[in-house]
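Okay, structure first, notes after.
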């Protein structure tokens, strides 16, 4: 997997426009929590040092509370958090509702490998290819226990459950043509869980069709 | 109280160990037994954590097989949740402190209290027995169908342990609720209750309502395993997701069961060592109630990717974000308590301030990030969540337990811990926590799944850092436990109230007599009164009660 696109200590590359939107939401949240993190840590350290017990500062002030302050530090976080929740709702629907035009790949989790079925009957395991610039819908289920179908570069996962179908869709950017992305199982499924990684190669539409045909010929020859 | 303290104590006849401890119904002794047992299991669970981290030193399965690794992390999490944090807070601290802090002689049902402890002890033995007969390997969540198909007796031991510990938890909760409602000393109104009592009272209600759901989940799991029922068998009409709903209907409130009493400890420690009344008593008390209530409406945030439609997660996202508000209210009130205080850097205060507030907020903030449905789609089941829960449970609950242990140690033993070793333990814990758990955020962002014995080689650097951090925590644990064990026998003797604290447990001898108070105290004021200078008040400290 020489051309694998991974980062080791931050978000992986953004394979889809949706991944970019999700990252933007993440950076907004990260900005907000960093602000409050710094605020609390600075107050904590300042109070620890400034109000430490000394010969001249032997007892604390006679203060029991302040309704104004309570109101402020209840209302401000509440407003920010509910606003952020409401703000993110349209992302949820954008992720959930696939476009009308889409190419459906059936994904099945097994102990311990991934199986991918294409509309023309091609059935592959572990390594699979997807066309760039097209809406691809993964229709996910499991043949045995629960698995988790997770593409970090797309920023989406859905569990693969027996007796239930889950879905998500993506539109891989044409910038990533030729790159391969890890697709780890993200729901514990037994001793084979760590090794249950598929590899998704993003290719151009032409190449994708060539690959599909080649796979189909191979499959016919094999059966 | 002066008069009470000067009354001569009649020396009781020496009792045999069995009579003194095994058959005791004294809430303090039961509390100590809970504490000692919890510390033992803390060492066992910690050992499993170190084995897990050692395996993760290298990307491939070098040290143990994936199967063994799965057993190790399952044992680590199960022991830490069910045999350490919950019994430590709601068994050890609540048992010891609630009756004495409300001015009672014991719990409402002392024999049931002893039964709670021994059931917990039995549940712990089931966990230990599984080390010999076969360990569970399905994680502390034990999701079916994997947990149904998992071979060997491990899961059965796990179910037995959960059942027995769960029953202990329910009985303990009933005891605390009735004790707080019925056993308060004259004048101990609800608005004079110490905040630790408030927090355990709320937590007990959560245990009472949530634990039966867990019992239902694991019972049906056991039936599916051995008696061919199909609760979780999708091919015959069962639904694996139903288990997750039942499990999290307990286990999300359980996260609050593990942190709300810990908040209660902090609300006692910070005002005492700031020499100042707690800031916003009512806000802190009622924010616990709010957490207890809201805690029942967030469970499905564990299941955003589990097969619900994504939009079904929206109400749970909003409730999960809203539940951060009462927690942040507490944080600001604790900070405001230190503001214009006279802060003493005693060991319990170090754990409570820098240790707890300084670390726990990272877990709180990462919680708001994973609460958001679109972000959880990426971060769910990655190391980001592992980082989050460990900042909540280690940076949060364990730091509070340590604050509480050092704070009440002189009360329970009548002796002071070794101060230098106390600071050493604190710094090892504080640094170890950051080194172990902070890198996990980065691994999670990069997409490293949790519960894997082997991982992609590019993740090795941060995994090695985390493993080194875990060894620092291991050393810290040895330093802390050795300090407490040694000091319990050889520490400097202390008087009834070395911290000049105001809650009732400090107004009786250290350790307190079996009946707590020679005379039931009459309470006339809140324990959170302002401190005055000795030359102004004319006394070393103002008279309590």
The protein assembly as shown - share of DSSP beta bridges that are antiparallel (%, nearest 5): 65
Share antiparallel - DSSP beta bridges, the stretch A:53-167, percent rounded to 5: 70
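Using a Förster distance of 35 angstrom, determine the FRET efficiency expected from the C-beta separation of residue A:104 and residue B:460, and round it to 0.05.
Numbers: r = 37 Å, r/R0 = 1.06.
E between residue A:104 and residue B:460, to the nearest 0.05, is 0.40.
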Label-point separation, residue B:40 to residue A:123 (7 Å along Cα→Cβ), nm: 5.5
Ratio Rg/Rh, restricted to the stretch B:257-396 and using Cα atoms, in which Rh is the Kirkwood radius: 1.03
P(r), alpha carbons of the stretch B:28-537 - 10 Å bins starting at zero, rounded %: 4, 19, 31, 28, 13, 4, 1, 0
DSSP-defined beta bridges in the stretch A:100-222 - what % are antiparallel, rounded to 5: 70
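Please sort B:471-484, B:84-97 by packing, taking for each peptide the average over its residues of neighbouring beta carbons within 10 angstrom, highest first.
Working: B:471-484: 19.1, B:84-97: 27.6.
In descending order of packing, they fall as B:84-97, B:471-484.
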Principal-axis tilt of helix B:110-133 within chain B, Cα atoms, nearest 10 degrees: 40
Tilt relative to chain B, helix B:419-445 - C-alpha long axis, 0 to 90 degrees, to 10: 30
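Partner chain Cβ atoms within 10 Å, averaged over the residues of A:40-49 - can you pull that number for me? Walk me through the numbers on the way to the answer.
Working: counts 10, 5, 0, 7, 9, 3, 3, 11, 11, 1.
What the average comes to for A:40-49 is 6.
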Förster radius 51 Å - calculated FRET efficiency between residue B:526 and residue B:57 (Cβ-Cβ, nearest 0.05): 0.45
Label point distance in nm, residue B:500-residue B:423, each placed 7 Å from Cα along Cα→Cβ: 2.1
Average partner coverage of B:80-93, which counts Cβ from other chains inside 10 Å: 0
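Under the rule a/c < 1.5 gives rounded, and otherwise a/b versus b/c splits prolate from oblate, where does the stretch A:119-223 land using the Cα gyration tensor? Write down the numbers at each step before the final one.
Numbers: a/c = 1.81, a/b = 1.30, b/c = 1.39.
Taking the square roots of the gyration eigenvalues as a ≥ b ≥ c, the stretch A:119-223 is oblate.
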Quotient of C-alpha Rg and 2.2 N^0.38 Å, computed over the stretch A:17-95: 1.66
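For chain B, what is the calculated [θ] at 222 nm in deg cm²/dmol (nearest 500), taking -39500 (n - 2.57) for each run of four or more DSSP H residues and dividing by its residue count? If you can, show how the numbers build up before the last one.
On the way: 20 runs with 328 residues, N = 545.
So the helix-based figure for chain B works out to -20000 deg cm²/dmol.
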Computed FRET value (nearest 0.05) for residue B:22 with residue B:132, which takes r as the C-beta separation and R₀ as 41 Å: 0.95
Protection proxy ranking, peptides A:139-146, B:271-278, average beta carbon neighbours within 10 Å, highest first: B:271-278, A:139-146
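Kindly provide the helix-only [θ] at 222 nm of chain A, computed as the sum of -39,500 (n - 2.57) over DSSP H runs of four or more divided by all residues, to the nearest 500 deg cm²/dmol?
On the way: 4 runs with 81 residues, N = 223.
For chain A, the value works out to -12500 deg cm²/dmol.
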Once the Cα gyration tensor of chain A is diagonalised, semi-axes √(5λ) in Å: 49, 19, 17
Average beta carbon contacts from partner chains per residue of B:320-331, 10 Å cutoff: 5
Helix B:154-182 axis, angle to chain B major axis (alpha carbon atoms, nearest 10°): 30
GNM result for chain A, Cα springs below 10 Å: residue of A:74, A:108, A:174 fluctuating most strongly: A:74
Estimated inter-spin distance, residue A:28 and residue B:178, nm [label 7 Å along Cα→Cβ]: 5.2
From the C-alpha gyration tensor of the protein assembly as shown, square roots of 5λ in Å: 50, 28, 22
Fewest-first sequence of B:535, B:346 by Cβ atoms within 10 Å of each Cβ: B:535, B:346
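All of the numbers you see were taken from the coordinates with simple rules; none came from a lab. Note that the coordinates shown come from a computational prediction; the quantities given were computed from them, not determined experimentally. So basically every Cβ, Gly included, is an ideal-geometry build from the backbone, and we count neighbours across all protein chains shown.
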